[in-house]
Amino acid sequence: MEIKWFFSKSFLMNRNFLWPLFLINLLGTIYGYIWYDSQLQWTIANYENWRWLLVFVPDSPTASLFFTIAVLYMLYPPKGTSRFVRWSRTIIESLAVVCSVKYGVWATAIIIAGATQGEPLEWQSYMLMTSHLAMAFEALLYVRFMRVSGISLSIATGWLLLNDTLDYHYGIYPFLPRALHDSVTEVKWFTIGLSLASLLVGYLVWKKKIRS
């Protein structure tokens, strides 16, 4: 059996593989929201009258949630051809791609950046890097099976940029390693640049898909 078979549609879209993938991402999403509990509580305490900001606090779990829903679409493709159903799926799957790529790379890069400035790496650090890189990898692996478009990828990137703006305007960005507390401005611009890069990567992979 050749290794390329594991990247084939017959393997990746097999329900016996999709179900474990769905459950792993669902559990990871739940764990991610639990991980953000302290920051959610901090946001409530500091923005009691602005609780709508809570939607924009848990970045990686929300990216994982979009991908989990995208896998559910693969398991149970929506019936009906209404424009709302088609566009809802297209937007969610586009969000799954750009958000997973962006936050998968972002979390890993921030952990490494903190380590280069003296932040100790613990077992949680390696766990987070592995899980977040897996987020980016699986999104790029499955984009060819998703109903994305150039327009929907751009709309999804608009969500990312809105999230970035709120994160660094209100200070609700993910807690950074202590070694990076004096580099918030640099992190902000890296974050915005990564949002745009995620659009580019998603677009290029999508273009390759429609040409193949």
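Suppose only helical runs count, i.e. DSSP H with n ≥ 4. What mean residue ellipticity at 222 nm does that imply for the chain under -39500 (n - 2.57) per run, divided by all residues and rounded to the nearest 500 deg cm²/dmol?
My calculation for the chain gives -25000 deg cm²/dmol from helical runs alone.
Filter the DSSP H helices in the chain by two things, a Kyte-Doolittle mean of at least 0.0 and an axial alpha-carbon span of 15 angstrom or more, and list the hits by number.
Qualifying helices, which must be both long enough and hydrophobic enough, are 15-35, 59-75, 83-116, 123-142, 150-170, 184-211.
Could you give the length gained on full extension between ILE151 and GLU48, defined as 0.36 nm per residue of separation minus the Cα-Cα distance, in nm?
Stretched out fully, the ILE151 to GLU48 stretch lengthens by 33.5 nm.
Name the most mobile residue of TRP52, TRP189, TRP123, meaning the one with the largest mean-square fluctuation, in a Gaussian network model of the chain with Cα contacts below 10 Å.
Of the options given, TRP123 has the highest mean-square fluctuation.
Can you give the Rg/Rh ratio of the range 1-95, where Rg is from the C-alpha atoms and Rh is the Kirkwood radius?
For the range 1-95, the value is 1.11.
Counting heavy atoms of the protein chains only and a 1.4 Å probe, report the per residue accessible area for the range 1-159 as a whole number of Å².
Per-residue value: 54 Å².
What order do HIS132, HIS181 take when sorted by accessible area (1.4 Å probe), most exposed first?
HIS181, HIS132
Pairs LYS4/LYS102; LYS9/LYS208; LYS4/LYS208; LYS102/LYS188: which are spaced more than 20 Å apart, C-alpha to C-alpha?
Cα-Cα > 20 Å for LYS4/LYS102; rest within.
Let me cross-check LYS208: its accessible surface, 1.4 Å probe, with only protein heavy atoms counted, in Å² to the nearest 10?
150
Between VAL85 and TRP5, take the C-beta separation as r, use R0 = 41 Å, and let me know the FRET efficiency to the nearest 0.05.
Efficiency computed from Cβ-Cβ geometry: 0.80.
Evaluate E = 1/(1 + (r/R0)^6) for ALA197 and MET13, where r is the Cβ-Cβ distance and R0 equals 30 Å; express this FRET efficiency to the nearest 0.05.
0.60
Over the Cα atoms of the range 42-84, what is the Rg over Rh ratio if Rh follows Kirkwood?
On the Cα set of the range 42-84, Rg over Rh gives 1.23.
Expressed in nm², what is the orientationally averaged projection area of the convex hull enclosing the Cα positions of the chain?
Over all viewing directions, the chain projects a mean Cα-hull area of 13.5 nm².
Using 0.36 nm times the number of residues separating LEU141 and GLU122, minus their current alpha carbon distance, what extension gain do you get?
The span from LEU141 to GLU122 would gain 4.0 nm if fully extended.
What full-extension length gain, to one decimal in nm, is calculated for LEU23 and LEU162 as 0.36 nm per residue of separation minus the Cα-Cα distance?
Here the segment from LEU23 to LEU162 would lengthen by 47.1 nm.
Return the carbon/sulfur percentage of the accessible area of the chain, one whole number, probe 1.4 Å, all protein chains in place.
Percent of accessible area from carbon and sulfur atoms in the chain: 67.
The values are calculated or read from the model by the stated rules, or taken from the named source; none is laboratory data. It should be emphasised that the depicted structure is a prediction, and the values quoted were computed from it without experimental measurement. Neighbour counts are summed over all protein chains in view; Cβ atoms, including those assigned to glycine, are modelled from backbone coordinates with ideal geometry. Heavy atoms of the whole protein, side chains included, go into the accessibility calculation; ligands, DNA and RNA do not. Shrake-Rupley method; radii C 1.70, N 1.55, O 1.52, S 1.80 Å.
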